[in-house]
Structure formats: structure tokens, C-alpha cells
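What follows is a single structure, written as C-alpha cells, with notes after it.
The values are calculated or read from the model by the stated rules, or taken from the named source; none is laboratory data. Just so you know, these numbers come straight off a predicted model, no measurement behind them. Here Cβ is always computed from backbone atoms with ideal geometry, including for glycine, and neighbour counts include all displayed protein chains. All accessible areas refer to the heavy atoms of the entire protein, side chains included, with ligands and DNA or RNA removed. Shrake-Rupley method; radii C 1.70, N 1.55, O 1.52, S 1.80 Å.
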2 protein chains.
Amino acid sequence: MNREVLAKIIDYALVKPNHTKSDIIRACEDVLRLKIGTLCVLPPFVSLVAKKLSGSDARVCAAVAFPFGANPTEIKVKEVQHVIREGANEIDFVANIPLIKSGEYQLVRRDIEEVVCSAKENGDVIVKVIIETGYLTPDEIILISRMADEAGVDYVKTCTGFGPRGATLDDIRLIKRAIKRAKIKAAGGISTYEKAMAFIKAGASRIGTSHALEILEGGSSS
Amino acid sequence: MNREVLAKIIDYALVKPNHTKSDIIRACEDVLRLKIGTLCVLPPFVSLVAKKLSGSDARVCAAVAFPFGANPTEIKVKEVQHVIREGANEIDFVANIPLIKSGEYQLVRRDIEEVVCSAKENGDVIVKVIIETGYLTPDEIILISRMADEAGVDYVKTCTGFGPRGATLDDIRLIKRAIKRAKIKAAGGISTYEKAMAFIKAGASRIGTSHALEILEGGSSS
């Protein structure tokens, strides 16, 4: 896969709390220059990104309930509606990690279903659920991925980048076993072209990374 | 200050995303046993804590917009109303860090004002704003603390425990210079009785910590 094709499936993430408006404006320019598929930002910057990327093919992704997913479902739903109104056409939301770890699977399922439902009411929005694999056991990864697949998410995404670890190839294999319909977004610690390609080979259809420039403009590979 | 008096001004924090229902139940028992003033938890556990602590003097604190504060103001307000309905009588919410770092001070001020206003509509709720000092310059610490003081928060709180660093005594000195009316909650990395006492001497009226048991039952001091 050459870098031009790879760029299309990269979700370039600027979701650190100390990213500023100027960082985001620069990232928009990089997205347009390198034809990166999607730019992911925190809610305060969604409308700015929507404006800067309008007229291009680049998509606007909002990080919702980020990075703990511990907001009540009704609050997540309202945040989804808010960012869609501001111009997001993709949503990366975090599953309710404390409820997963407490074994409250009915509540976890309902949370994912309601977010998907609310986002899908608004037409062509792509929904990704972040399960933060670093906090989960292999069994939990399989269980929550299956649940998310059944709930209608477009992607199961590995990590926020703020959890105990980044994505692993084992994560991808576990998620792949669990899903029938959804695709996989690998994110967390993917900082080179080689790593990105390894995750794609393992089954990821999107790569989330804050290192898009290094991956697409770095030294090695074609 | 002996440990019994110290316990009253401790906000015992169990706000990691992988804390479970069992961890929270055990913490409620510790709060009652050691007569700790307040227990801080993520939204999914507020109603459980309110039930377990009811009939005691212990207060229930909810961490809102945690830990980035990047949710839109209307979403923060709804989350505040939600956790108050569930039984919270204290709110620790995070200021909008990305907007602070972008110099959007009017929006930051409005965010704090609306959260305070919404919480205060509900009677006797104590409101603390977390400014995450580790991301801020000294000038920003002073500016945002002053803004929060004017907006009517009860406490300016240093850190979430998930930022780039914990609280420092310099943080307390800077906040103290900026505020006229509000009090100070020191939180982030305060793991011993001696550290807690140093922050109190510097001007903190509350100590937020996940190490309440070590502080109150540890080896040294009286």
C-alpha cells in the first residue's frame, strides 16, 4: 500500500487537552495537503475543522465522552447530537469503561445502542466505539466487540491513546474473532509506516494516529 | 492537625476508569469507618455512593467532564444536573483546557459561570473547578483562578490526577494570589500525611487524594 492510499484510511488525531486552535488549523492544512481521510478533534474544535475542511473529501471526526466514557448515556447522546450539529460526520466515542469493569453489561450495551441510534438518526454519520483494550481482559475485548457489532457501530476502535497501553496486534485478532459486520480501527501508539501496515495486515481498516505526518512523510518505504 | 480533623477535609477520590462497583463499595465502608468528609467518583457510581453514605455526614462528589473538560458547556450543564439528581452534593468539574490553551477566555468564563449557575440552582451543592495546573503557565493559573473566583465556584482545584503532573506548593501560592472568596482544593500526587499537611499549610482547605487510607492510617505522625 503506497502512502497515498494509506492517507485515505488514516484518522489523524489531535485530541490532547493542550492542543490549541493554532495546532488544529495547522493540522487541517496538513490534512488537505496530504489528502488524509479524516481529522479527529475534541468537541471545542469541531466547527472550526468543519469550516476549514469544507469543500474537500476530508471527514470531520469528534471524540465524544473522551477519554473515560464514564458520562451517563443521556449525556453522551446529547454530546453526539451537539458535535453533529457543529459539523462532525464521524463520531469516536468511548464505551463506559467503569461499567464494563463492573460487569454491568446490560448498561454497557444500552449505552452503545443509544449512541449509535442517535448518531444514525442524523444520516450518514460513521460511528466508532473505543473499547480501551488496555483496561480489558481478552474475554472482555471479545464480549464488548461482539456487543458493539450487534449494536450497529461501524468500527470497533482499540484505544484512546490515554489508557494504560496502545493497540496490539493481539487486540486486532481478538476483535476480528468477535465481529461479523463492523470494521476495525487500530489506534494507540501507531507511530510509523511499518506499524501502520502491520495493523492493516492484521485486519484494521482504519489507523488512528497523532503521527500522521511521520507515517506519511517519514523516511522508509514507498 | 490530627488525623480525625484531617479526615473531614479529605476528598477521597476513586475516579480511575477501571475502578469497579466493588472498589466503590469498599471505599464507602472506609469513608464511614474513618469519617472521611467526601467521596469523589465518576458519574456511573454516584447513585450507589449516595445510597451507601446516606444517613452519615459524608458527602457525595461527582467528577464531571472528567478529565479533559473539553465537553461543550451545554453538555457539562446537563451532566451536572444528572449527577445532582443521582445524589451528588458536590461537583468537581474540569475547566475547558483546550479553550484555555487557545486563549478563548470569554468561552472559558461562560463555561465556568454556567456550570456554577446550574449547580447552584439545586440548592446546597458545592462546586469545584479543576484547572489542571500541569497544562497551564503561571499567568494562566492566576487568570483562570481569578475568573473562577468571580464566577462563584466554591473551590479552585489544582489537578485531575490524569494530567502531566500533580499539584505543587507553587500552584497553591499562585491560586491564593488570584482568589478573593473561593477556597483551594489541592489534588494530584498527594500520597502521604506529610504532603497533605504541607498543602494545608500553603493554603489548601481540601485535599483530594486516592491515598486516603495511607494518609489516615499510615505509619508516621499522630
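Of note:
- When the Cα positions of A:213, A:151, A:83 are compared along the charge dipole of the stretch A:3-218, A:213 comes out farthest toward the positive end, with charges on each C-beta of Lys, Arg, Asp and Glu.
- Binned Cα-Cα distances of the protein assembly as shown, short to long, each 20 Å bin given as a whole percent: 26, 56, 17, 0
- Neighbouring Cβ atoms from other chains, within 10 Å of the Cβ of residues in A:11-21, number 5 on average.
- Cα centroid separation - the stretch B:50-69 against the stretch A:39-95, whole Å: 28
- Listed residues B:94, B:108, B:156, most fluctuating in chain B (Gaussian network, C-alpha, under 10 Å): B:108
- For the protein assembly as shown, the fraction of 1.4 Å probe accessible surface lying on carbon and sulfur atoms is 49 percent.
- Occluded residues from the stretch A:41-59, i.e. those whose accessible area drops by 20 Å² or more once the chain is not alone (1.4 Å probe): A:42, A:43, A:44, A:45
- Over all other residues within a Cβ to Cβ distance under 11 Å of residue B:26, the charged ones net out to 0, with Lys and Arg as +1 and Asp and Glu as -1.
- Residue with peak Gaussian network fluctuation, chain A [Cα springs, cutoff 10 Å], from A:61, A:117, A:40: A:117
- Relative to the other identical copies, residue A:55 shows label-point distances of 6.8 nm, where the label point lies 7 Å from Cα along the Cβ direction and values run shortest first.
- Simple Cβ-charge dipole of chain A, Lys/Arg +1 and Asp/Glu -1, about Cα centre, in debye nearest 20: 320
- Here the simple spin-label model places points 7 Å from the Cα toward Cβ, and for residue B:2 and residue A:165 these points are separated by 4.8 nm.
- Charge dipole of the stretch A:39-101 (Cα centre as origin; +1 on each Lys and Arg Cβ, -1 on each Asp and Glu Cβ, all else neutral): 80 debye, rounded to the nearest 20.
- Here the Gaussian network model covers chain A, with springs between Cα atoms less than 10 Å apart; of A:88, A:13, A:50, A:50 fluctuates the most.
- Estimated dipole of the protein assembly as shown in Debye, rounded to 20 [Cβ of Lys and Arg +1, of Asp and Glu -1, Cα centre]: 240
- Here residue A:180 yields copy-to-copy label distances, from shortest upward, of 6.5 nm, the label point defined as 7 Å from Cα along Cα to C-beta.
- Straight-line cross-link reach from residue B:51 at under 19 Å between alpha-carbon atoms covers these lysines, not counting any fewer than eight positions away in the same chain: B:21, B:35.
- Checking the cross-link pairs A:16/A:185; A:76/A:201; B:157/B:180 against a 24 Å limit on the alpha carbon distance flags A:76/A:201 as lying beyond it.
- In summary, the stretch A:101-208 shows an alpha-carbon radius of gyration equal to 1.02 times the 2.2 N^0.38 Å reference for compact globular proteins.
- Cα-Cα pairs of chain B separated by more than 33 Å (percent): 9
- The stretch B:126-158-the stretch A:165-181 distance, computed between alpha-carbon centres (Å): 41
- Heavy-atom accessible area buried between chains A and B is around 2700 Å² (1.4 Å probe, both sides summed).
- Mean per-residue shielding of peptide B:132-142 is 1, counting Cβ atoms of other chains within 10 Å of each Cβ.
- Shown for the stretch B:63-108: residues covered by the partner protein chains by 40 Å² or more of accessible area relative to the chain by itself (probe radius 1.4 Å), namely B:68, B:70, B:72, B:74, B:75, B:78, B:79, B:82, B:98, B:101, B:102.
- Inverse of mean 1/r across different Cα pairs in the stretch A:154-222, Kirkwood, Å: 12.2
- Rel. contact order, % - alpha carbon contacts under 8 angstrom, at least six apart, the stretch A:3-218: 17
- Helical content alone sets the calculated 222 nm signal of the protein assembly as shown at -14000 deg cm²/dmol, taking -39,500 (n - 2.57) per DSSP H segment of four or more residues and averaging over every residue.
- Label geometry 7 Å along the beta-carbon vector: residue A:137 inter-copy distances in nm: 4.9
- Added length on full extension, which subtracts the Cα-Cα distance from 0.36 nm per residue, residue A:106 to residue A:47: 17.8 nm
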